[in-house]
1. Of (1) modelled with pLDDT of 50 or more; (2) surrounded by 10 or more Cβ atoms within 10 Å (Cβ to Cβ), residue 23 satisfies all except one. Which?
2. Could you list, in sequence order, all residues of the stretch 145-181 that are assigned to a strand (DSSP E or B), surrounded by 18 or more Cβ atoms within 10 Å (Cβ to Cβ) and at pLDDT 80 or above?
3. Output the residues belonging to the stretch 118-139 that are in a helix (DSSP H, G or I), in contact with a helix residue (DSSP H, G or I) (Cβ under 9 Å, 6 or more places away or on another chain) and farther than 15 Å from residue 178 by Cβ.
4. Within the stretch 35-66, count every residue that is within 25 Å of residue 124 (Cα to Cα), surrounded by fewer than 22 Cβ atoms within 10 Å (Cβ to Cβ) and touching a strand residue (DSSP E or B) at 6+ places or on another chain (Cβ under 7 Å).
5. Of the numbered conditions (1) at pLDDT 80 or above; (2) out of contact with any helix residue (DSSP H, G or I) (no Cβ under 6 Å at 6 or more places or on another chain); (3) surrounded by 14 or more Cβ atoms within 10 Å (Cβ to Cβ); (4) not in a helix (DSSP H, G or I), residue 207 fails exactly one; give the number of that condition.
6. Got at least one residue in the stretch 214-233 being crowded, with 20+ Cβ neighbours inside 10 Å and either at pLDDT below 80 or farther than 26 Å from residue 46 by Cα (or both)?
7. Of 77, 110, 102, 91, which residue is more than 20 Å from residue 185 (Cα to Cα) and modelled with pLDDT under 85?
8. Return yes or no: is residue 50 in a loop (DSSP other than H, G, I, E, B) and modelled with pLDDT of 50 or more?
């Protein structure tokens, strides 16, 4: 009898723990959507010191990782969770959830939290993102993005750069080198919001409806893209 009661208690505690994790996991993801929305609004509010209009207007996908943690002692590391969305024939796709992790080597001390924005600029980068897991490298696939209202004519971001990376710290945007970081699907957050583990390709190809909790984030994505496009068209007309 005691053994049966113990089994029941263990089973109940496991079930309760699973429910508690599911609840906190969903709330954490909802909070991340809100933080990512704030980052996008900051892009719209700082055109002269943010991501260039033509870069944002040309991006095929956008990834926002609020509060990316960088730092360490001797061994450095990077980790964060964020939101991705891609352009489709009918607008921007529903949000897909990503994790970013990776290591670096060097003499460094301390921890720093920054907001990370990654823009996928060409079809090759898009295919890498749709594969659910890819590593950023410095061989033309990823580079620190230009900053300001307009991208410098001397940069080659239109040529072979798959991903442009930016950091935002204390309200200021800057190009960020993120070589070696691995971007992959965040299965836990995906299940927390969609209630099942949807593949990256399904979500980012526009085959999934946007959940209600992500409506504000998607509105900010559309607003930032629309503002960049209008500004770029006006710039070309001058």
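1. (1) is the only condition that residue 23 fails.
2. Of everything in the stretch 145-181, those that are assigned to a strand (DSSP E or B), surrounded by 18 or more Cβ atoms within 10 Å (Cβ to Cβ) and at pLDDT 80 or above turn out to be 163, 164, 165, 166, 167, 168.
3. Answer for the stretch 118-139, where residues must be in a helix (DSSP H, G or I), in contact with a helix residue (DSSP H, G or I) (Cβ under 9 Å, 6 or more places away or on another chain) and farther than 15 Å from residue 178 by Cβ: 126, 130.
4. Summing the residues that are within 25 Å of residue 124 (Cα to Cα), surrounded by fewer than 22 Cβ atoms within 10 Å (Cβ to Cβ) and touching a strand residue (DSSP E or B) at 6+ places or on another chain (Cβ under 7 Å) in the stretch 35-66 gives 2.
5. Exception for residue 207: condition (3).
6. Scanning the stretch 214-233 turns up at least one residue that is crowded, with 20+ Cβ neighbours inside 10 Å and either at pLDDT below 80 or farther than 26 Å from residue 46 by Cα (or both).
7. So the residue among 77, 110, 102, 91 that is more than 20 Å from residue 185 (Cα to Cα) and modelled with pLDDT under 85 is 110.
8. Spelling it out, residue 50 is indeed in a loop (DSSP other than H, G, I, E, B) and modelled with pLDDT of 50 or more.
The values are calculated or read from the model by the stated rules, or taken from the named source; none is laboratory data. Worth saying up front: this structure is predicted, and the values here are computed from it rather than measured. Because the Cβ atoms are built from the backbone with ideal geometry, glycine has one as well, and the counts that use them run over all protein chains shown.
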